[in-house]
Amino acid sequence: MFDRTLLSRRDCLSLIGAATLLAPVRASAQSPAMAPLNRFPRMVQEHFVTRVREAEAIGGKRRAGLNSKADAENYVKDVRRRIADCFGPFPGKTPLNARITGVVDRDAYTIEKVLFESRPGFLVSANVYVPKGITAPRPGVVGSCGHSSNGKAAEAYQAFAQGLARQGYVTLIFDPIGQGERVQYSHIDIKHRPRVGVGEHLHAGNQQFLVGEFFGSWRAWDGIRALDYLLTRKEVDPTRVGITGNSGGGTMSTWLCGVEGRWTMAAPACFVTTFRRNLENELPADTEQCPPRVLAHGLDHADFLAAMAPKPVVILAKEQDFFDVRGSEEAFARLKELYKLLGAEENIKLHTGPTDHGYSIENREAMYRWFNAITKISDATMEPKLTIEKDETLYCTPNGQVAELKSRTVYSFTVDRSRELSLQRPKHDAASLSRALRDALKMPEAKGVPEFRILRGIAGRKYPKPAASVYAVETEPNVFGLVYRLADKRLDSRPSQSKEPAILYVSHHSADTELRDEPLIAEIAKAEPKSVLYTLDVRGIGESRPDTCGANQFLSQYGSDYFYAIHAIMLDRPYVGQKTFDVLRVLDWLANFGHSEVHLVAKGWGAIPATFAAVLSDRVKRVTLKNALTSYTAIAESEDYDWPLSALVPNALASFDLPDCYRILTAKKLRSIDPTGAHS
């Protein structure tokens, strides 16, 4: 269990590192004396850097065309439209059913313990700090928490809520999903329980993608409903309402500027930078921080604040933050030009504190000064004396968890949505399924025969055949599928022309390792002696397994495999779709050497892109899958699952499920060996 103190983003990363390795299928045992080959460890990183720089350039081109106030106003409207496509649609508003469960009386303010429902049956726990002696409506502020295990009770978050209350603001601060009193998985056996905070966000959020939901939208909706509740209070002036938060709360403050138009001022802390800086610095961000399609739309952090323009916003950054302050400066420069065109240059500001990540006093005081200059409610420039309460003092529930009040979980909504979609999905034939897959996977058109490199073979790898020729097949510019050709004699040239059928094995984690340790490969090669045996590592696997995001982080919940999968979603091109494209391009490459008939064989992670490629390609005549996932429904409707985000297709369950593919592949003599469910 986490210490109930404020956790930095790096603390979260270290806590869920190598000790929480995913194991979505039974992995092959690796020979301890022979490390897997990995000759392209930076390939995936550099590919995504190129794509994100291209997306950033789209935004830059739009901004470069702004020359007048009318241009700037149209830009703000367009930004709001694009943001809405990433986050929406939000659900209809339902009764908050708010209730006050207790009051803490202090010298200058009271702390009301409030529960409300942001969705039917979905409880939000909040503290409302109300100044004493109110005779007229006061400014209101919604506070959004960062990744603290104890949510709103974390010292830094109590501090800014108290500081604002002592200066005259009515301040509501609420627990994020998966933190404080809103832990979602406390009932699960501890061995399989996601960690509080980032762990819960990833576990609930990755699963939601299958049913077309985005965890960040759920988090933002809680903030919108928190504002709805705050505005029911007679003590609050609806013409003066602000949003602030730090780290993950800085994320939500930023997103809320983009999706909610009622704010009159904002102060996001320790988040605003650029997507490119985070990627280039190999800094993972959890699901809520990575909106789908956001990069495809040419949006960046600054655009969510631009949606507020020309209302006043201060960006609170830190010189020593892992959210790169260079990106904060770039975001500010973009906004300054926009605000200047709008005639409100004084309404945008960047404050950079001297220390590292956190809502420390220098940034809290900068926020107070900013809000006070706008509202005129106080002339204080320094934080007043504070009294930090014990967590239990701030509980809105009897024992500190909304679960004891039978609050619904995110997972329960995901199950309901999955079941709704199952009743709506079309019944596919081969042609309609192919169209559905191409649409869902965002498949580009393939043209011509791929270029390839001939690599030098490495002897002594103990493969089932004496020699392996190695080819790096360029499936996209500077992206390679690594292909081994197994034979009795190694070729140091291109493959020979052959009319023989081919076996193409798509690896789970490493073709190099699995050629030694996976008996299925030797079995099929023996059963089909006239076929030429090839193996394939798709991008991000085996020979191009990324070495980024820290040492040995590939399989961790917050590691490099997740890192690129979530960036692929922001780019609106699913990672598993990219891997499927690799398989299809290698099939084209094989056909160029005469292999017009292919037996496609795959294991584990490789079985999913292989399945999609087998449906899409007429060159595949036979299919064998080992440890293939039974269905996406199994993941969506299992609270305890361990398949990675890189295997999932966003909104897949609206149009197809894996059993649709398996049914179509019976015509290609599909053989399924030891299929696995959501938790293998």
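Points worth noting:
- Inspection of segment 630-644 finds no residue satisfying the criterion of being modelled with pLDDT under 95, assigned by TED's automatic domain parsing to the domain that holds Arg573 and more than 21 Å from Leu210 (Cβ to Cβ).
- Segment 484-493, subset charged (D, E, K, R) and surrounded by fewer than 13 Cβ atoms within 10 Å (Cβ to Cβ), residue farthest from Ala525 (Cα to Cα): Asp492
Rundown of residues vs (1) surrounded by fewer than 20 Cβ atoms within 10 Å (Cβ to Cβ); (2) in contact (Cβ under 8 Å) with a residue 60 or more places away in the chain; (3) in contact with a Lys or Arg (Cβ under 7 Å, 6 or more places away or on another chain), yes/no style:
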position: Asp321; (1), (2), (3): no, no, no
position: Gly343; (1), (2), (3): yes, yes, yes
position: Asn347; (1), (2), (3): yes, no, yes
position: Ile374; (1), (2), (3): yes, yes, no
position: Leu386; (1), (2), (3): yes, yes, no
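- The conditions of being of a type outside the set (D, E, K, R), farther than 21 Å from Val598 by Cα and in a helix (DSSP H, G or I) are not met by Ser434.
- Within segment 423-476, if we keep just the residues that are basic (Lys, Arg) and touching a strand residue (DSSP E or B) at 6+ places or on another chain (Cβ under 6 Å), the residue that is surrounded by the most Cβ atoms within 10 Å (Cβ to Cβ) turns out to be Lys465.
- Some residue of segment 536-547 being surrounded by fewer than 22 Cβ atoms within 10 Å (Cβ to Cβ), within 21 Å of Ala647 (Cα to Cα) and touching a residue at least 60 places away in the same chain (Cβ under 8 Å): yes
- Scan of segment 633-678 for residues that are among the small types (Gly, Ala, Ser), outside any helix (DSSP H, G or I) and within 30 Å of the chain's Cα centre (by Cα), ordered by number: Ser638, Ser655, Gly677, Ala678
- Every pair of residues 6+ apart whose Cβ atoms lie under 7 Å, when the first sits in segment 137-148 and is in the same structural domain as Ala126 (by TED's automatic domain parsing) and of a type outside the set (A, V, I, L, M) while the second is modelled with pLDDT under 95 and in a loop (DSSP other than H, G, I, E, B): His147/Leu7; His147/Gly197; Ser148/Leu7
- Restricting segment 432-485 to residues that are among the β-branched types (Val, Ile, Thr) and under 30 Å from Pro529 (Cβ atoms) leaves a set whose member that is nearest to the chain's Cα centre (by Cα) is Thr475.
- Output for segment 258-274, where each listed residue is crowded, with 24+ Cβ neighbours inside 10 Å and outside any strand (DSSP E or B): Gly258, Cys270, Phe271, Val272, Thr273
- Subset of segment 164-182 (residues that are under 13 Å from Thr110 (Cα atoms), not aliphatic (A, V, I, L, M) and not in a loop (DSSP other than H, G, I, E, B)): Arg166, Thr171
- Residues of segment 293-319 that are surrounded by fewer than 22 Cβ atoms within 10 Å (Cβ to Cβ) and charged (D, E, K, R): Arg293, Lys311, Glu319.
- Cβ pairs under 6 Å, 6+ apart, first in segment 78-103 and not assigned by TED's automatic domain parsing to the domain that holds Tyr395, second of a type in the set (A, V, I, L, M): none
The values are calculated or read from the model by the stated rules, or taken from the named source; none is laboratory data. Note that the structure is a prediction, hence the values are computed from the model and not measured. All Cβ positions, glycine included, derive from the backbone under ideal geometry; neighbour counts span all protein chains shown.
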